[in-house]
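Written below as structure tokens is the structure these notes are about.
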Amino acid sequence: MKDILKGIKNIIFDFGGVILNLDMQRCINEFTKLGIADMGEFYLGVSEHQIFTKLEKGEIGDQIFYDEVKSFLPSGATNQQIELAWNAMLLDIPAHRIALIDRLNREKEFRTFLLSNTNAIHYEHYVGNLTKKYGYRDFSELFEKDYFSHKLGLKKPDIEIYNFVLKDARLRPEETLFIDDSPANLIGAAALGIRTFLLTPDIDVTELFPF
């Protein structure tokens, strides 16, 4: 990790797995409780219909998502049950990460941005928690700008979303560091000359900033 910040003026943070803690097994467990016998078969089915992708790109609304998921579930599942199962993967945003981001934003040593593949259902859930726990209205109060896939109509790892951020924020790629926990999401960014860092489970993002 030594010298990872050398020459860097801009930092783009991924959200889930970098700032927000995730637990996919909790989501799997909750969908299993709704009567899914084979999660692999369920995931394959919704993936073939691109339900998750369409939701993350804002191409479908919440109700269409619920209706599509219901077609793979035993009858009787409600919107609320699906929402609870879908949100079960979302854990906490630790205070020490909020403190880091707030400090970076205030001290202006780096320009900071948030780039996340997400959806309106998850967004409402974790922004509500952010407000309740830390008092921030939304993530625009912590970053110079936040970019969410469901609002942009673009998603990682497609190269178009990185191009959009670079142009919109007027960033030079060689001066920009993108931190993500998914190797696939780093490929498109690196292709544009953005410097990247793969955050593995044994590293907390705060460890990259030794101050």
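A few notes on this one:
- Extreme residue, farthest from residue 181 (Cα to Cα), among residues of the stretch 66-86 that are touching a residue at least 40 places away in the same chain (Cβ under 8 Å) and in a helix (DSSP H, G or I): 81
The rows are residues; the columns are (1) at pLDDT 95 or above; (2) loosely packed, with under 14 Cβ neighbours inside 10 Å; (3) out of contact with any helix residue (DSSP H, G or I) (no Cβ under 8 Å at 6 or more places or on another chain).
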position	(1), (2), (3)
8	yes, no, no
43	no, no, yes
71	no, yes, yes
74	no, yes, yes
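- Verdict on residue 31 being modelled with pLDDT under 95 and under 17 Å from residue 124 (Cα atoms): no
- Note on the stretch 169-211: residues that are of a type in the set (Lys, Arg) and in contact with an Asp or Glu (Cβ under 8 Å, 6 or more places away or on another chain) total 1.
- Scope the stretch 143-170; condition within 13 Å of the chain's Cα centre (by Cα) and surrounded by fewer than 16 Cβ atoms within 10 Å (Cβ to Cβ); matching residues: 151
- Condition met for residue 60 (surrounded by 13 or more Cβ atoms within 10 Å (Cβ to Cβ) and within 30 Å of residue 173 (Cβ to Cβ)): no
- Residue that is farthest from residue 22 (Cα to Cα) [pool: residues in the stretch 171-191 that are of a type in the set (Asp, Glu) and crowded, with 17+ Cβ neighbours inside 10 Å]: 180
- Screening the candidates 143, 139, 110, 65 for the property of being aromatic (Phe, Trp, Tyr) and under 30 Å from residue 36 (Cβ atoms) yields one hit, 65.
- Residue 65 under 27 Å from residue 162 (Cβ atoms) and touching a helix residue (DSSP H, G or I) at 6+ places or on another chain (Cβ under 6 Å): yes
- Enumeration of residues in the stretch 10-41 that are of a type in the set (D, E, K, R) and either buried (at least 18 other Cβ atoms within 10 Å of the Cβ) or touching a residue at least 60 places away in the same chain (Cβ under 8 Å) (or both): 14, 23, 26, 30
- Selection of the stretch 87-101 for residues being aliphatic (A, V, I, L, M), outside any loop (DSSP other than H, G, I, E, B) and crowded, with 18+ Cβ neighbours inside 10 Å yields 90, 100, 101.
- Selected residue [within 25 Å of residue 206 (Cα to Cα) and modelled with pLDDT of 95 or more] from 152, 142: 142
- Cβ-Cβ under 8 Å pairs, at least 6 apart or on other chains, the stretch 106-121 side in a strand (DSSP E or B), far side basic (Lys, Arg): 111/9; 113/145; 114/145; 115/156
The values are calculated or read from the model by the stated rules, or taken from the named source; none is laboratory data. Predicted model only: the values in this text are computed from it and were never measured. Every residue, glycine among them, receives a Cβ derived from its backbone with ideal geometry; neighbour counts consider all protein chains shown.
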